[in-house]
Structure formats: C-alpha cells, structure tokens
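The numbers here are math on the coordinates, done by the rules we state, and not lab data. A quick note: this is a predicted structure, and the numbers were derived from the prediction, not measured. Counting neighbours? That spans all protein chains shown, and the Cβs are built from the backbone with ideal geometry, glycine included.
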Amino acid sequence: MLTPNNTDKKIVLVAAVALVDDQKNILMAQRPEGKSMAGLWEFPGGKVEAGETPEAALVRELHEELGITTQISDLDALTFASHSYDDFHLLMPVFACKNWQGTVQGVEGQAIQWVPVSKLHELDTPPADDPLVAIIEKLFS
C-alpha cells in the first residue's frame with residue numbers, strides 16, 4: 001500500500017561531485033539544450049550504471065564529460081540528495097574531489113565555470129541541487 005511518503009516512482013541513482021580547486025572554487029556544469037532542466041547549473045556527474053558503484057560512476061563520468069582522470073581514492077563522501085521529481089525519485093550521493101589529472105573542459109560541449117564557493121547560491125540549479133549548495137558553501141567557506 002502506498003502512503004504519502006511512499007510512491008511507485010522509479011528511483012534513479014546519480015552520483016555528483018564538487019570539484020574544488022586551490023582557491024576554493026567549485027566547478028559547475030550547465031545542462032545543455034535538449035535535456036530536461038536545460039540551462040540550469042549542476043554539480044558534474046551522472047547516472048550510476050548497473051554493476052557500478054557511485055564512485056566508479058564518477059571516475060567514468062569525469063573522464064567522459066570533463067576530460068580529467070581521477071581515482072576512487074580521490075573522492076571524499078560529502079552528503080546526498082533525495083528529491084522527488086514528477087516522474088522519478090532522484091537519489092544522489094555527492095562527493096568532493098580536490099585531486100585530478102588533466103585540464104577540465106566541457107568535452108560534450110556543455111558550458112562549465114569555476115564558481116567561488118560564496119557565489120554558488122547565485123546560480124540557478126535543479127531542485128535536487130538547491131539544498132546541496134548550502135551544505136557545500138558551509139563546508140568549503
């Protein structure tokens with residue numbers, strides 16, 4: 001039986017990362033045209049595939065989307081988001097990463113920007129990311 005707190009929505013597992021540079025700037029990526037929530041700024045990451053851990057998914061996604069190499073040992077668990085959208089429920093573990101190899105670039109054509117941690121709240125972010133901004137600002141300011 002479904003209750004107000006229990007739905008039949010599909011749960012989507014996505015891993016995200018706060019890439020932090022030496023000046024405490026956070027890398028944000030803009031959702032491209034043609035995708036849901038296009039134009040909003042989000043923490044990089046992506047869907048966790050079957051048989052994959054969230055950490056392994058991030059290592060893969062960071063290479064595919066940003067052209068950088070990381071190791072699972074470079075990722076520190078920070079927090080998570082649990083947010084119900086109209087047609088699915090998002091569960092998103094969020095990690096911090098201060099160590100990577102290569103130059104960060106929008107490999108898939110997405111806009112990216114380094115944002116001072118104190119300015120994260122000024123960006124338009126997806127609803128699931130909104131509470132994460134306050135947590136990350138508190139941790140890295």
Per the filter on the range 10-51, residues of a type in the set (Lys, Arg) and either part of a loop (DSSP other than H, G, I, E, B) or farther than 24 Å from Asp86 by Cα (or both) are Lys24, Arg31, Lys35
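Out of all the residues in the range 72-97, which are touching a strand residue (DSSP E or B) at 6+ places or on another chain (Cβ under 9 Å) and not in a strand (DSSP E or B)?
Asp74, Tyr85, Asp87, listed by residue number.
From the list Glu55, Glu137, exactly one residue is farther than 22 Å from Lys9 by Cα, crowded, with 19+ Cβ neighbours inside 10 Å and either without any contact (Cβ under 8 Å) to a residue 12 or more places away in the chain or among the charged types (D, E, K, R) (or both). Which is it?
Glu55
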Within the range 98-134, the residues that are farther than 16 Å from Val17 by Cα, in contact (Cβ under 8 Å) with a residue 40 or more places away in the chain and more than 15 Å from the chain's Cα centre (by Cα) are Val107, Glu108, Gly109
For the range 80-103, the count of residues that are buried (at least 16 other Cβ atoms within 10 Å of the Cβ) and polar (S, T, N, Q) equals 0
Selection status of Gly106, in contact with an Asp or Glu (Cβ under 9 Å, 6 or more places away or on another chain), in a strand (DSSP E or B), surrounded by fewer than 20 Cβ atoms within 10 Å (Cβ to Cβ) and not hydroxyl-bearing (Ser, Thr, Tyr): no
